Structure formats: C-alpha cells, structure tokens
1. Could you compute Rg(Cα) / (2.2 N^0.38 Å) for segment 114-194, with N its residue count?
2. I need the semi-axes of the equivalent ellipsoid of segment 1-156: take the C-alpha gyration tensor, multiply each eigenvalue by 5, square-root it, list largest first in whole angstrom.
3. Stretched out fully, how many nm does the piece from residue 368 to residue 50 gain, at 0.36 nm a residue minus the Cα gap?
4. What number in nm² do you get for segment 194-335 if you take the convex hull of its Cα atoms and divide its surface by four?
5. Would you mind getting me the FRET efficiency between residue 34 and residue 233? Use the beta-carbon distance for r and R0 = 25 Å, nearest 0.05.
6. Tilt of helix 34-47 relative to the longest C-alpha principal axis of the chain, in degrees (0 to 90, nearest 10)?
7. Relative to the longest principal axis of the chain, what angle (0 to 90°, nearest 10) does the C-alpha long axis of helix 137-146 take?
8. Residue separation times 0.36 nm, minus the C-alpha to C-alpha distance between residue 311 and residue 272: what's the value?
Ligand SMILES: Cc1ncc(COP(=O)(O)O)c(C=O)c1O
C-alpha cells in the first residue's frame, strides 16, 4: 500500500465546526446577520484589538485597509518581496505604487534597511510576519509614526504569534493588522479575512467601504432621511462581505487556536531538534522577542540541492512548497520596472528555502517520515 500523501499544510475541521455551520444554515440569516459581529468580537478578544472588520478574504482585507488610509495615485506602499503577491497588489488596486525593502535571514523586513527607503511618497508600510515570526514592530512602528506613515501589518501567517509579549493583531505598534482565513492558515473560514485596529475612524471607514460605501447610520447622513428604509451611498465601496456561514466556522475554529499553536510549536521543536546535528540544513529560528505561531516550517538548504530535495520528497509522497518567489521577480512586476538583483537578500533567501509539512494534525510517525527522508537525501 502506498504511503499517505503529506502536504505542507492542511486544515482541520471537527464536529463542533460542522455543528456551528449547520446552526447558521438552519437559521434565518446566511449573510449580514449577527454571526459576523460575533466573529469580529471573538477576533478582538483573541488579539486584544478594539475593533475588527471581517471580510471575504485576506486580499480584500489588504485592499480595504489601504482604501481606509486614503492611499492614492502618486503615493507609495512599501512591503517585503518575500510574501504572497497580495501584500503588494493592494497598492496597485488603489492606483498607488508598490515598492519593496530587502529582508533579513528570517525573510522579514529589516527595520534599519526599511528606514533608508522611507521617502516623501511613502504613505503605507506593510510588514509581513512571514511564516509566523513577527517583524521588529516596535522599531518600525516608531520610525513610521515619526514620519506620519501608516503601518499595516500583514499578519496572514501570524494569528496566535506574539512580539515582545504582545499579541500580533493587537496593533500595539501599528495602525491595522490583516489576517487571512484560507484553509492553509491557522484557523479557517473557507475563504475569509479580517482587519483589526484600535482606531475608530479607520474602523468606521472600513465598515462603510466593505459594503458599497453605504451607511444606514442616521448620525452620518449627508441628506435628510426619507424614512426608516433610508440609506446613503457616500463613497465608492465594494462588496467585500463575508457570510454568517463562514463566520460560524471562524468562531468555532478560533476556540481551538491556542491548541493549534501549541501543536505547531511542538512540531517545530521536534524538527529543530532533529535538524540540529544534520549538516547542510538550516531551519528558520525563532529570535529573542518572538513567539512564533509557525504557519510554515521553513528550512534553508544549499541552493544547488533545493530542487532535488523538493523532487526527492515529492517522489516519497511529501509535498513541500516554496514560499515565496520574490514578488519583484514576477513577470507583472518586472514589466513595471523591477529587476533581478534589486533585492539580493530576498533573492538568495528564495534560492534556498523549502516549507516542510506543518499542521496540527501531522502525526508523530508522519513527521518522522519527513525527517528521515530529508536526512536520507542529505546523507547521500
Ligand atoms: C502573506 C499573505 N498575505 C495575503 C494573503 C492573501 O490572503 P487570501 O488568500 O485570504 O486572499 C495571503 C494568503 O495566502 C498571504 O499568505
């Protein structure tokens, strides 16, 4: 019998999740009901932020957050080249210019390098907590605050992570944080995303823009109300709404987050220990001040060996992934004028990395299979 296929990530849904979704399906509101608000409250409780806006996916969350800052043509957003393309695309959705700053050995934006890039045009900075390790948010936050730049954390990989004891998403050093609830992430809503903030003005703006730029709040009306049915569209917004069905799943999943993070950290510890004495392999390491939530478990190997290791593991039913091809090397970005060699740390980081299976339901013997196959390949 062939061995079970192992992927780099996998969601986990239990009976409680299914029951929660069923309850909404049997109720009266599939969307725009109170379950969305309950999910937002649960996110505030989890992160410590004052406000949360749940939306249809993480990309919409980034777009909505950028719109709320007023990002526009002639302005610049700086993010990390080591991220999913959405972290930069959100600038283009607002007709602004995306730009990048080079990364450190963890694939994270480097605060002092970032400082050199901030200019007159820079309106938004998007630090990406790649793999579940937080960027140096205190230094970046302070620097951007002095220059009046908005800090939008891309925390898609980092729900449950902490920096200097503060939970990611609590916006201790930033204006907003964005999450994704795609099934490979820590908690899932199928598709889904959210923004957390402590700023009431940004919150009100995002609430309005999430649903077509429409308000039903009489206190905000520009014209006289015609009656109880009255609403106003005051700005051009979008339909970025998430459903109550998805939020029911999200609430149920969030309850399991502490256990999920603990399991992921346990798996990381076992990998770390196994690879400690192996030559030719270097896992990303948690640094002082960080409490990683390990969305990914990323190793670095010799650039010449990476492809062969990937193929060797795939032949053994272990499906890894490479996160990420640097955004500035994507054809779309090259056509915008970005070039190879521009962000050398990101490029050499990319050449070496591989994401190994990492998810709470990865069994001990399955993880051992991964370790043995990596070892077997490197020993050869
Ligand atoms: C770092 C990062 N940012 C943004 C996103 C976009 O999230 P979504 O897929 O929910 O639109 C992702 C998802 O893969 C991501 O990993």
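Every read-out reported here was derived from the displayed coordinates using simple, explicitly stated rules and does not represent laboratory data. Here the structure is a predicted model, which is why all the values come from computation and not from measurement. All Cβ positions, glycine included, derive from the backbone under ideal geometry; neighbour counts span all protein chains shown.
1. On the way: Rg = 13.1 Å, N = 81, 2.2 N^0.38 = 11.7 Å.
Cα Rg divided by the expected 2.2 N^0.38 Å: 1.12.
2. On the way: eigenvalues 218, 94, 43 Å².
Value: 33, 22, 15 Å, ordered largest first.
3. 110.3 nm
4. On the way: hull surface 61.4 nm².
Mean orientational projected area (segment 194-335, Cα hull): 15.4 nm².
5. Working: r = 24 Å, r/R0 = 0.95.
Efficiency at R0 = 25 Å is approximately 0.60.
6. Once rounded, one gets 50 degrees.
7. It is inclined by approximately 40 degrees.
8. On the way: separation 39, 0.36 × 39 = 14.04 nm, distance 2.21 nm.
Length difference between fully extended and current span is 11.8 nm.
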